[in-house]
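The values are calculated or read from the model by the stated rules, or taken from the named source; none is laboratory data. In this text the structure is predicted, and so the values were computed from the model without any measurement. Cβ placement follows ideal geometry from the backbone for every residue including glycine, while neighbour counts extend to all protein chains displayed. These area figures cover heavy atoms from the full protein model, side chains too; ligands, DNA and RNA do not enter into them. Shrake-Rupley method; radii C 1.70, N 1.55, O 1.52, S 1.80 Å.
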Amino acid sequence: MAKVLIKTSEGDIKVRLYNETPQHRDNFLKLAKEGYFDGTLFHRVIKDFMIQGGDPDSKGAPKGKMLGTGGPDYTIPAEFVYPQLFHKRGVLSAARQSDQVNPEKASSGSQFYIVWGKRQNAADIRRVRGTLEEKGITLTPIMVDDYEMRGGTPHLDGQYTVFGEVIEGLEVVGAIQGVKTDKNDRPLEDVKVLRMTIEQFSPKARRP
């Protein structure tokens, strides 16, 4: 198991990274250890949806600067573990470029988002279920219960790699997703990652 403490200007968020997505886990740990994320912003925040960070170009970025295209010179192959890992509230997922230029759905080398997502009602579930089924993706009863009780973003399932979840500080995510933003979804007052610290790393033992 791997745990990372994300200290932000709004409070602390602790995440657990999944062993089921080892390439994303190991990359996130590598960048956190290097201090890659320290000083970056949550540069894209959408209320009732998610908070996104990990763009190195956001460090010290002046007000109004367009952000969201920065990152290392590599991507990570998609690691969909579905339906076990889905977009319930509080999960950590990898951002990526659109299908038009990225049909294999490879993840950004550094940009990530933490899901908030509103609680889904029966009508919401019906709408998203129809869209997902066209893509060969099925919502299980467990997922539907979670989306209705806790919230999340089911329309992203099977499209973006989920590789961790918040285990402490979900209220901080809630506070960040509610801040005022500009027309490009950047917070009017910077929300910064002060530093990330690896608190624990015990990879799943591999059989010989």
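Points worth noting:
- To put it simply, the accessible area of the chain at a 1.4 Å probe is 50 percent carbon and sulfur.
- D by Stokes-Einstein for the range 15-104, Kirkwood Rh over Cα pairs, 10 °C, 1.306 mPa s: 108 µm²/s.
- Close amide H pairs (under 5 Å, H built 1.01 Å from N) link Val91 with Val115, Val166, residues at least 5 positions away or on another chain.
- Put simply, the C-alpha atoms of the range 1-54 give a gyration tensor, and the ellipsoid matching it has half-axes of 20, 14, 11 Å, longest first.
- Applying D = kT/(6 pi eta Rh) to the chain, where Rh is the Kirkwood radius over alpha-carbon pairs, T corresponds to 25 °C and eta to 0.890 mPa s, the Stokes-Einstein value obtained is 142 µm²/s.
- For the chain, built as a Gaussian network whose Cα springs stay under 10 Å, the top-fluctuating residue of Pro77, Pro103, Pro187: Pro103
- Å² of accessible area per residue within the range 84-124, as computed with a 1.4 Å probe and no ligands counted: 41 Å²
- Mean residue ellipticity at 222 nm, helices only, the chain: -6000 deg cm²/dmol; runs of at least 4 DSSP H residues each add -39,500 (n - 2.57), and the sum is divided by the number of residues.
- Using C-alpha pairs below 8 Å separated by at least 6 residues, the relative contact order for the chain is 37 percent.
- Cβ-defined net charge surrounding Gln120, 15 Å radius [Lys, Arg +1; Asp, Glu -1]: +2
- Probe 1.4 Å, protein heavy atoms only - accessible area per residue of the range 1-46 in square angstrom: 35 Å²
- Projected onto its three principal axes, the C-alpha set of the range 127-195 covers 40, 30, 21 Å, listed from the longest axis down.
- More than 12 Å apart - percent of Cα-Cα pairs taken over the range 155-202: 78 percent
- Interatomic Cα distance distribution for the range 98-158, bins of 5 angstrom, percent: 4, 15, 25, 22, 16, 13, 5, 0
- Highest mean packing comes first when the peptides 14-26, 57-69 are listed by Cβ atoms within 10 Å, giving 14-26, 57-69.
- Annotation: amide H of Gly70 within the under-5 Å range of Asp57, sequence separation 5 or more or interchain, hydrogens built in the peptide plane.
- Local electrostatic count at Gly35 - Lys and Arg +1, Asp and Glu -1, tallied over other residues with Cβ under 14 Å: +4
- Of the GluC sites (Glu not before Pro) in the range 112-161, those whose Cβ has at most 12 other Cβ within 10 Å and which sit in DSSP loop: Glu134
- Point-to-point label distance, Ala175-Lys63, nm (Cα→Cβ direction, 7 Å offset): 2.2 nm
- 3J(HN,Hα) from dihedral phi, the range 63-74, Karplus parametrisation 6.51/-1.76/1.60, rounded to Hz, x for glycine, proline: 4, x, 5, 6, 10, x, 10, x, x, x, 8, 8
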